[in-house]
Amino acid sequence: MTRYSIDVGGVSRERLALAHDPAELRACASAVAVATAGAMAAAGSQAAGLRASLDRFRTVHARALDAVADAAAALGDRLDESTAEARSVELLVTSSLAEAAGVVGGR
Amino acid sequence: MSRVHEERRTGAVAGADALPTPTGRPDELHHAARTLDRAAARARATTTVAGTLGPRLRAVWTGDAASAAEAEAHQLGLRSRGVVDALTVAAHSLRAYAVGLEIARRRALALQGQWDALELEHAVALVGVTHSPDLTGALGAALRQRADEVRLTGRLRLSRAYRGVIDELETVALRSSRRLLAVSDLTVPHGSSASPSAVRAAVTGGMWFADGMEATRRSRDVALADGALLRRLLSSHAGGRTPAGEDDVAAVVARLRAHAEDPVYAQALVEEVGTDGLGRLALQAGDPSSSVSLDTVRQLLAVLGSVVITAAQQSAPAGTDPRTRARLASGSALLADDLVAGATRTVSGGASRQRAGGYWLLGQMMAGARLSGDSRPLPARLVRRAAAATATAEVAETRDADAELRHGTTIHPAGDATFASWFDRSDFGGDALHLLLTEVGDDPAEQAALLAEPLPASTVAGGALANSRGDRLTVGEHLVRRWITFEANGTQTHHDLRLETDADLTRLLPSISTATTVEAAETRARLMLEISRTSDFAMREASTTRIYDRGPAVVEQHVVEWLSAMHASVDRALGQPLDSFTRGYSADTADGQQPMLDARELSGVVAALAVDTGTGLHAREPATAYESLLRSELQRAEQAAASRLDVMPAVARLGFFDQAASAALVAVARRQDELNKAAWEGLAEAVHVVDEIRRGGPAGLVSMAQTYASGGSLRTAEEDLLIAAIRSDVELEQTELDDERRAALLAGIEALVGRASVGAAGAFTRGAGRAPTLPTAEALRQAREDEIRAAWNAVRDGGTTERLKETRPKGLPEHAISRADGTHTTSPAEAADRLTRAHPTGSALKDDVWHRSGSWVTDEIRTKGTAFVIVGGDGVKRTLIQLPGNVNGVDGRFEWIIDGDRITHQMFVRGGGINGVPIKP
């Protein structure tokens, strides 16, 4: 049997640290899209190759940051689930102990 | 390229035109670079990219799950840092190009200045030539040529310089472009699509929580769209809109089929529409007024069945991320709850408002799925619960006020089939319980668990869900009851669509037949009890006597084997008084756990084995199942004797079995006699009725009606005398036959065990004493004589049966009319013994305190009770026991009436004294 311990409050606090990450990362994705679009316009007519590279960079990295943002959100959900499960276990164990204590106390 | 070459032979050209400034806005490029740097810094400030979550988690969480979460956070940090680092590289590249562009632009401007100066110098030179004296013109021409050559040389030099500036700028641009491409290729491989899904796969692919979320989102989106479509179809017949037709349903089938094996989709769709919604859709498509073809209805059922199977799976497909796996598991649990709850609900649908129980619809969907080749199993736990709910629904259906809903639906069965079904294959018909039972595989543990599954409660079914001990029925007990009340009754089973309960039991019973676990022993005990009870009920009615007209069926053979193997438990029951019997379904013995039944319950089981033939006014031999039991017990006795072990327990068991079988056969014989007597009485009444009709006259008919309405009779005392003389006496015949068989059995035992037979007769009698007592042949002959004599006395005295009945007090059973003046001709101790061995029936089974309380004071009968022999209006002698007592502060008397081996009456009479008259205080 796996032995483990979880400080539900502690994990919840750490999960809070993740709370704003998805929004931040999505804002970064928007900034990348806007900045690279401006750069493409400012590159000059002699930099056709650079514009094409900027276009791919813009597409790839704006979307990549969105994917990272989604993943951060999913990781936060995963921590939520773990703490919820742990709390369920905790409640189950404490209620079972309480019942057992009641039985013993009733004897 | 400058324009110098085009203008080389022409006039002056401006530097800005000859050497144009490179386009582009370095300041904006710098701004973009700064934006990218700021975005990178902002991203690096997040916990995700900084990668600080993992170590912080470690401080508050340990174990496998924590390690997994930490690894996941670490992995996401690594991948996200790669993406963010690319922003810095891009910013650097942009900045480098911006600087290059600035330099190029400055140098271009400088070259333009030099160009313009060169042009000016050329112009000045030409002016000088014009104003210089030149008589021949040759000097001027030479000077102009020289000025042109100087300018051309200058232009060429400047153009080369400009070309160098542009080349250098293009090199910077190319270098920046390559760096950008390189970092992009690090994130998404070169040549790959940069579509959102491709980028997502490249960045977070393989990270289960991220992949799962994306896949779940896609599946849910499709399910929501399909759910909306199904809801539109479900509401299409309402509000005068065009009902769903063949094309609509075919389109639904196609859409659902495309995702039917996606568990996220399946759960989301069922959640969206509900299990009731799926059922209503099936009813709507299969409605008689619908234009949807039967084949399409079957396809719809098949795909709905597959969706349900998928949604109910507890194990997610291989490769599913743990997060989605956990959500699917909880989703399947919720769906299971919904399916089980829905099994007992009735839904309606379609223009004809056909109705069907959830269990029947589930059976149809499962039939469709199986016939379409979907062989994925349903979770065993769900099958057990659904089968139990189906059993409850079946019981409730026989007790509700809905006469139209039969066997799960208002849809009429085809032809003379028992069950309605959209499928015509007999093995996939409308018998939903059988279909669900077939979902249980060959694992004996799962089969045993199925048999032990308790039926869920139902307010409609109420007390019918209780077994003989008042506990909740299990699936196994329901199957036994069903086997007897449906399957064994061949006249009600269609040839082409038979109930498969017999086959179901044949397949399932071996799973609990030999195991010595508590669970298996309890299940065997419960099944035997149900067989005992159901057969007892069945034997009371002539119409159900044929139930046993099937010879040794599989269940009976199993019961014989179980009963033969539980000798330790039987010995314990025979040695234990009923009132001290510990209620439990199993007992620990030296041979492991064995079913535990008390002597009365064991008698019922033996009775079920002993009676198997139809009605007939003759005594009969015990059934072959009982003979098989007897052979097994004899063999055991013989083995014990051969091994010089104590044979008396086996002999006592044989005595008990023999007496229990005899009691069952005599009970059947007695009922034959009652039926025969009732037939004669009915015939006599009919003669009088016909006579009244022939004589005519409204007054006569009214008088006759009043007689019957008041419980009277038109029979004369002479007719009752005749009936008493000629009615059958199968009970006596059976008793005599049983006596012969018993003597032969005892002789056989003595021969079998040889020298060990000393005391065998005593052991045999002791065992028999634990089974219901029976009147002797002599007592029966005497009772018959008394019956005839009473009838003769009635003729002689001019009395009639009707007169006796007319004086009967309200509430007093007809048989309780005493003609023996309450003479006590039996001792309280003897009466108490008979009471202990007798089976409670009628009011003796009522569970209110005024009827039940009598069971608590039977020990006092020997010392404080009084026993009477009373003769009822039917001439039969019965034993009345009265005992003074108090219930809840109310004084009165307890009383019982014993009729043969049955307690037919038990109650507390408030304020009653010891008077020899039942019921009356």
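FYI, it's all coordinate maths here, none of it is from the lab. This structure is a prediction, so every number in the text was calculated from the model and none was measured. Note that each Cβ is placed from the backbone with ideal geometry, even for glycine, and that neighbours are counted across all protein chains shown.
Key figures
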| item | result |
| --- | --- |
| Length-normalised contact order for chain B - Cα pairs under 8 Å, 6+ apart - percent | 6 percent |
| Dipole of the protein assembly as shown [Lys/Arg +1, Asp/Glu -1 at C-beta], most positive-end residue of A:Leu54, B:Gly154, A:Gly10 | B:Gly154 |
| Lys, Arg +1 and Asp, Glu -1 on Cβ, resulting dipole of the protein assembly as shown about Cα centre, debye, nearest 20 | 4340 debye |
| For B:Gln354, residues with placed amide H under 5 Å, excluding near neighbours | B:Gly349 |
| Highest-first arrangement of B:895-903, B:192-200, where packing means the average Cβ count within 10 Å | B:895-903, B:192-200 |
| Rh (Kirkwood; distinct C-alpha pairs) - region B:4-202, Å | 21.9 Å |
| Calculated from backbone phi, Karplus (6.51, -1.76, 1.60) coupling profile of region B:297-310 in Hz, x at Gly/Pro | 4, 5, 5, 5, 4, 4, 6, 5, x, 5, 4, 5, 4, 4 |
| Cα-based helix-to-principal-axis angle, B:828-837 vs chain B, degrees rounded to 10 | 30 degrees |
| Length added when fully stretched, B:Val876-B:Asp64, from 0.36 nm per residue minus Cα-Cα | 284.4 nm |
| Sequence-separation-based contact order of region B:4-202, relative, with Cα cut under 8 Å and 6+ spacing, percent | 28 percent |
| Translational diffusion of region B:375-476, µm² s⁻¹ [Kirkwood Rh, Cα pairs; Stokes-Einstein; 37 °C; 0.692 mPa s] | 222 µm²/s |
| Pairs beyond 22 Å (Cα-Cα), from B:Lys877/B:Lys920; B:Lys846/B:Lys877; B:Lys677/B:Lys846 | B:Lys846/B:Lys877; B:Lys677/B:Lys846 |
| Added length on full extension, which subtracts the Cα-Cα distance from 0.36 nm per residue, B:Ala744 to B:Ala254 | 169.1 nm |
| Fewest-first ranking of B:Met213, B:Met207, using other Cβ atoms within 10 Å as the exposure measure | B:Met207, B:Met213 |
| Hull volume in cubic angstrom per residue (convex hull over the Cα atoms of the protein assembly as shown) | 263 Å³ |
| Degrees separating the helix B:246-259 axis from the principal Cα axis of chain B, which is the longest one | 70 degrees |
| Among B:275-288, B:122-135, the order from most to least packed when residues are scored by Cβ within 10 Å on average | B:275-288, B:122-135 |
| Listed residues B:Ala59, B:His567, B:Ala260: farthest to the positive end of the dipole of chain B (Cβ charges) | B:Ala59 |
| Residues whose placed amide H lies under 5 Å from that of B:Met907, excluding near-sequence neighbours | B:Glu895 |
| Mean separation of Cα contacts under 8 Å, 6 or more apart, over the residue count of region B:209-383: relative contact order % | 27 percent |
| C-alpha long axis of helix B:208-234 to longest principal axis of chain B, angle in ° | 60 degrees |
| Shielding by partners - mean other protein chain Cβ count within 10 Å, residues of B:68-81 | 3 |
| Under the Karplus curve 6.51 cos²θ - 1.76 cosθ + 1.60, θ = phi - 60°, whole-Hz ³J(HN,Hα) for region B:36-49, x wherever Gly or Pro sits | 5, 5, 5, 4, 4, 5, 5, 5, 5, 6, 6, 4, 4, 6 |
| Options B:Ser195, B:Ala45, B:Leu120, ranked by Cα towards positive dipole end of region B:4-202, top entry (Cβ charges) | B:Ala45 |
| Trypsin sites (Lys or Arg not before Pro) within region B:4-104: DSSP coil, no more than 12 neighbouring Cβ in 10 Å | B:Arg9 |
| Stokes-Einstein D for region B:209-383, Kirkwood Rh over Cα pairs, 4 °C, 1.567 mPa s (µm²/s) | 80 µm²/s |
| Solvent-free Debye scattering, log10 I(q)/I(0), computed from the Cα coordinates of region B:847-915 at q = 0.15, 0.27 Å⁻¹ | -0.46, -1.26 |
| Per-residue ³J(HN,Hα) for region B:467-480, Karplus 6.51 cos²θ - 1.76 cosθ + 1.60, θ = phi - 60°, Hz, x for Gly and Pro | 8, 5, 9, x, 8, 5, 4, 10, 4, x, 5, 5, 5, 5 |
| Using distinct alpha-carbon pairs, which all enter the 1/r mean, Kirkwood radius of chain B in Å | 36.8 Å |
| Quotient of Cα Rg and 2.2 N^0.38 Å for region B:29-97, N being how many residues it contains | 1.41 |
| Total charge dipole magnitude, chain B, about the Cα centre, Cβ charges on Lys, Arg, Asp, Glu only, Debye to nearest 20 | 4200 debye |
| Inter-label distance for B:Ser293 and B:Ser375, nm, one decimal - labels placed 7 Å from Cα along Cα-to-Cβ | 2.8 nm |
| Long-range amide H partners of B:Arg406 with built H, under 5 Å | none |
